[in-house]
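One structure below.
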Amino acid sequence: MRKDFLTTGFVKLDTLIPFSEVEKLRVLYEDLLNDKKRTEGLRSDLGGEEENKNTVEKITQIMRPSLIESKLSESMTYELALNHAKKLLGDDMELDFDMLINKAPHTNTPTPWHQDAAYWIKMPDKRSVSCWVALDNVHAENGCMWFIPKEDELLKEHRPHTKGGALHCETDTSNAQCITLDAGGCTFHDGFTLHFSRGNTTDGPRRALILNFRPKKMIEFEREQGIEHTGERKVRNNS
Ligand SMILES: O=C(O)CCC(=O)C(=O)O
């Protein structure tokens with residue numbers, strides 16, 4: 001897994017957690033999705049801002065959910081993902097932040113092509129890995145992840161795709177790989193790996209829990225500069 005991850009910038013793991021754990025996470029996930037009050041300030045629509053805030057969220061993102069639901073970080077998922085992160089990138093990996101990204105049925109809104117590092121400040125140690133855990137069976141039609149094998153660590157120029165929405169960059173997608181997963185499976189991707197997901201055009205939800213790991217020293221470096229991964233979405237790095 002490590003060799004593939006270091007070569008291509010992503011890797012798939014068929015089973016990170018058993019289905020019994022998926023079921024427990026789904027309960028916590030639904031509680032957070034249905035609770036706009038508790039998630040206020042951490043919640044936004046990656047699909048962009050709507051003038052009428054009462055419309056259905058296109059892509060719900062809830063940052064740092066474990067700050068408001070401690071049962072999440074106590075779950076085996078966080079421990080297992082951290083163990084894998086350490087094997088992939090070293091023993092100094094720690095959880096930087098977690099997030100939920102939900103695509104409700106028929107919201108049909110793609111997450112545009114981007115590299116996560118565009119959201120982050122420039123860091124002297126660029127190692128990072130995001131573990132994207134599927135809480136539903138995911139495939140092209142409901143918004144599984146697509147990756148482009150990484151060739152270098154160059155950051156492309158990113159811009160918001162829609163007002164207040166996800167960042168986007170132009171890229172050649174001819175080598176893009178569609179990664180289907182069963183619930184409980186996951187992918188790991190590097191902060192410079194280009195990725196995307198299609199909109200959810202199905203009758204079911206597409207729920208993902210994402211855990212981001214980086215070196216302990218780089219988390220301290222971010223926190224010293226006030227970066228908590230709770231707030232505003234913007235381009236912080238374009239080189
Ligand atoms: O879940 C998605 O659609 C996008 C996820 C993503 O961009 C990420 O985990 O970095």
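The values are calculated or read from the model by the stated rules, or taken from the named source; none is laboratory data. What you see is a predicted model, and the numbers here were worked out from it, not measured in a lab. Because the Cβ atoms are built from the backbone with ideal geometry, glycine has one as well, and the counts that use them run over all protein chains shown. These area figures cover heavy atoms from the full protein model, side chains too; ligands, DNA and RNA do not enter into them. Shrake-Rupley method; radii C 1.70, N 1.55, O 1.52, S 1.80 Å.
Values computed for the structure shown
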{"item": "Local electrostatic count at residue 137 - Lys and Arg +1, Asp and Glu -1, tallied over other residues with Cβ under 10 Å", "result": "-1"}
{"item": "Proximal charge balance of residue 208 [Cβ under 10 Å; K/R count +1, D/E count -1]", "result": "+2"}
{"item": "Sequence-distant residues sharing a close amide H with residue 96 (under 5 Å, placed H)", "result": "212, 213, 214"}
{"item": "Average Cα contact separation per residue, region 2-224, under 8 Å, 6 or more apart, as relative contact order %", "result": "33"}
{"item": "Around residue 86: net Lys/Arg minus Asp/Glu count, Cβ-Cβ under 10 Å", "result": "-2"}
{"item": "For residue 167, distant residues with modelled amide H under 5 Å away", "result": "161"}
{"item": "Distance between region 155-176 and region 66-105 - C-alpha centres, whole angstrom", "result": "25"}
{"item": "Carbon + sulfur, % of accessible area of the chain - ligands and nucleic acids excluded, 1.4 Å", "result": "49"}
{"item": "Positive dipole terminus of the chain, leading residue within 211, 100, 230 (C-beta point charges)", "result": "230"}
{"item": "Per-residue HN-Hα couplings for region 127-137 [Karplus 6.51, -1.76, 1.60; θ = phi - 60°; Hz; x = Gly/Pro]", "result": "5, 6, 9, 10, 9, 9, 9, 7, 9, 9, 5"}
{"item": "Alpha-carbon Debye profile of the chain, log10 I(q)/I(0) at 0.09, 0.11, 0.17 Å⁻¹", "result": "-0.33, -0.51, -1.43"}
{"item": "For region 2-224, size of Cβ-based charge dipole, Lys and Arg +1, Asp and Glu -1, in debye", "result": "100"}
{"item": "For region 149-239, accessible area per residue (1.4 Å probe, heavy atoms of protein chains only), Å²", "result": "49"}
